[in-house]
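A short reminder: the numbers here are calculations on the coordinates, not readings from a lab. From a predicted model like this one, the values you see are computed outputs, not experimental measurements. Neighbour counts run over all protein chains shown; Cβ positions are idealised from the backbone, glycine included.
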Amino acid sequence: MRVEPINCFRPVPERAGRFSAPPYDVFDDAQARAYVAEHPDSFMAIDRPETAFGPEQDPYAPEVYQHAVQLLDARVKDGTLLKEERPCLFAYRMVQNGRAQMGIMAAVSVDDYLDGTARRHEQVREEKVADRKRHMETVTAQTSPSLLIYPDQPAIDLLVGLACTGEPLYDFEDEDGVRHTVWRLSREAAVEAICETFKHVPCAYVADGHHRAEASARICLEARERGEHGPRDAFLALLYPASAMQVFAYNRVVADTHDLSEQDLIAALEGAGLEVGEPTSEAITPSEQGTVGLYAFGSWRSLRFTDVPDAADDPTAALDVSLLQSRVLAPILGIQDPTSDARIQFVSGVDGPAELERLAGEQGVAFSMFPTSVEELMRVSDAGLLMPPKSTWFAPKPRSGLFLRRI
C-alpha cells in the first residue's frame, strides 16, 4: 500500500472537541438540523451546509456548497482552524466502554483504490457520490476520512506505539462517551518508517466511507485528464488493523407488511424455508450467524435460515443480510431495491431492539441481525464481489473536522 503524510488544516486543541462532529452520514436531514441547532459552531454545519437553509431548499444547489466555503473560511479567520506546518501522520485512538482501537490518519493513493489494493465491498449510490464530490471540489478539501482496515501488521503496531509516548495533540470525550486521543507524528524518521512498512501491506479494505473514497477517485481522474497531478492523487483515510475493529449489526425496518396478515406473513416465511419460532414479548437479538429476530404485530419471533449456500462457493450469497434480502425482503415484503425503496430503513445495532420496536410501530416489520464479521467482509472483497447495502456498522466512528486535507 502507498501511504503518505498529510498537509491539513486542523482545529486548535482547545476547540477540537467542540468543533469536531460525527460523520455527516450518520444523521438524516432532521437529525442533522437538530445537531447543528445545538452545536452551531461545529463542523457539521460545514459538512451538511443545507442545514442553514429551509426544508424547501434544494440541498444540492450551488449556493448551499458555497455556504460551506464561507463557514470554513470563517473558522480559519477566527482561529478555530490552523494550517499544519509540515506533512504529518496522526495516530488516532478511540476508547468506548473500556475498549480501545488505534489507527493511523494518512493519505492513501487513489491508484490503490482504482487497482483493487484498497478493496471495496459495497455498492455506492450516485447521488451520494455526487454530493461528496461537489462538496470536496467546492471547499477544496477532503473533510472526512474513509475507514480502511488492513491485515494485522505487528511492525506497524510497534512503530505507532513508539510514536505515541509523548503528549497527545487532542484528548477529549464526545457526546456519546467516546474518548478521542490524537498524536501528531512529525519526526521524519518515524513518518518514513511507517510509510515504508505499509508498502509491505498487500491490501486494505474500505470498511466505511465508500462514497468519500469514490468521490475522491473521480476528482483525481478528472484532474489527470487535465494533466494535473498532486494532492488529488490521494484520499484521506483512517487505517486500522483488522483485529482492532468492532462490528455491529445493521438492522432493517420495513414500513408495512405488504398487506399480509400475521398468519399470511408466517406462512410465507415458512414457505421460503425459514424456521419460525413462537411469538414472545422478549426482544430477540441473534447470538449466532444464520438467525434473525423478527418483530411484527406486537411480538418477536426467531427466524433461522435453512439450506444456506456454502460461503466458499459464493461468499455474498451466504451472508445473513443477503439471505434476508433474497428470501424475505424481495419476495415476501416487496423490497426489490433496498438502495432506493422508501419503505425500508436501516438502523444501527448500537441503538438496540427498543428502537426497532418504535420504528416498526403497529404497521411495520423489523429485523434484528447478527453482525457481519470482518472476516466475511474480507472474503467478499477478496472475491471481487459486493455486499448488499448497509451490511456492516462499525463503531466507534472517528470525528469529522479534525483533519481537513486541502486538495
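Filter the stretch 24-46 down to residues that are in contact (Cβ under 8 Å) with a residue 40 or more places away in the chain and surrounded by fewer than 19 Cβ atoms within 10 Å (Cβ to Cβ), then give me how many there are. Walk me through how you get there before you give the answer.
Here is the first cut: in the stretch 24-46, the ones in contact (Cβ under 8 Å) with a residue 40 or more places away in the chain are 24-26, 42-44, 46.
Subset that is surrounded by fewer than 19 Cβ atoms within 10 Å (Cβ to Cβ): 26.
Residues in the stretch 24-46 being in contact (Cβ under 8 Å) with a residue 40 or more places away in the chain and surrounded by fewer than 19 Cβ atoms within 10 Å (Cβ to Cβ): 1 in total.
Just to be sure I understand, how many residues within the stretch 183-211 are surrounded by fewer than 16 Cβ atoms within 10 Å (Cβ to Cβ) and either in contact with a Gly (Cβ under 8 Å, 6 or more places away or on another chain) or under 25 Å from residue 247 (Cα atoms) (or both)?
Of the residues in the stretch 183-211, 1 are surrounded by fewer than 16 Cβ atoms within 10 Å (Cβ to Cβ) and either in contact with a Gly (Cβ under 8 Å, 6 or more places away or on another chain) or under 25 Å from residue 247 (Cα atoms) (or both).
Given 103, 17, 54, 79, which one is in a helix (DSSP H, G or I) and farther than 17 Å from residue 136 by Cα?
After ruling out the rest, the residue left standing is 17.
Can you list the strands (runs of 3 or more DSSP E) lying wholly within the stretch 141-218 that have 2 or more residues being small (Gly, Ala, Ser)? If you could, list the steps in order and put the result at the bottom.
Working: elements: 146-150, 170-173, 179-185, 204-208.
Strands (runs of 3 or more DSSP E) meeting the threshold: 204-208.
Have a look at 62, 49 and point out the one that is surrounded by fewer than 13 Cβ atoms within 10 Å (Cβ to Cβ), under 30 Å from residue 114 (Cβ atoms) and not basic (Lys, Arg).
62
Could you go through the stretch 275-284 and let me know if any residue there is β-branched (Val, Ile, Thr) and buried (at least 18 other Cβ atoms within 10 Å of the Cβ).
For the stretch 275-284, residues β-branched (Val, Ile, Thr) and buried (at least 18 other Cβ atoms within 10 Å of the Cβ): present.
Let's see how each residue does on (1) in contact with a Pro (Cβ under 8 Å, 6 or more places away or on another chain); (2) aromatic (Phe, Trp, Tyr); (3) closer than 22 Å to residue 175 by Cβ; (4) outside any loop (DSSP other than H, G, I, E, B):
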site: 60; (1), (2), (3), (4): no, yes, no, no
site: 70; (1), (2), (3), (4): no, no, no, yes
site: 92; (1), (2), (3), (4): yes, yes, yes, yes
site: 107; (1), (2), (3), (4): yes, no, no, yes
site: 111; (1), (2), (3), (4): no, no, no, yes
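Could you please let me know if residue 348 is within 22 Å of the chain's Cα centre (by Cα) and either under 23 Å from residue 248 (Cβ atoms) or surrounded by 18 or more Cβ atoms within 10 Å (Cβ to Cβ) (or both)?
On the way: within 22 Å of the chain's Cα centre (by Cα): yes; either under 23 Å from residue 248 (Cβ atoms) or surrounded by 18 or more Cβ atoms within 10 Å (Cβ to Cβ) (or both): yes.
Yes.
Which count do you get for residues in the stretch 157-182 that are touching a Phe, Trp or Tyr at 6+ places or on another chain (Cβ under 7 Å) and among the hydrophobic types (A, V, I, L, M, F, W, C)?
Total satisfying the criteria: 4.
Exactly one condition in (1) crowded, with 21+ Cβ neighbours inside 10 Å; (2) polar (S, T, N, Q); (3) within 19 Å of the chain's Cα centre (by Cα) is not met by residue 96; state its number.
Condition (1) is where residue 96 drops out.
Which residues, taken from the stretch 198-214, are over 14 Å from residue 122 (Cα atoms) and either touching a Cys at 6+ places or on another chain (Cβ under 6 Å) or among the aromatic types (Phe, Trp, Tyr) (or both)?
198
If residue 47 satisfies all but one of (1) under 30 Å from residue 190 (Cβ atoms); (2) in contact with a strand residue (DSSP E or B) (Cβ under 6 Å, 6 or more places away or on another chain); (3) of a type in the set (D, E, K, R), what's the number of the condition it fails?
(1)
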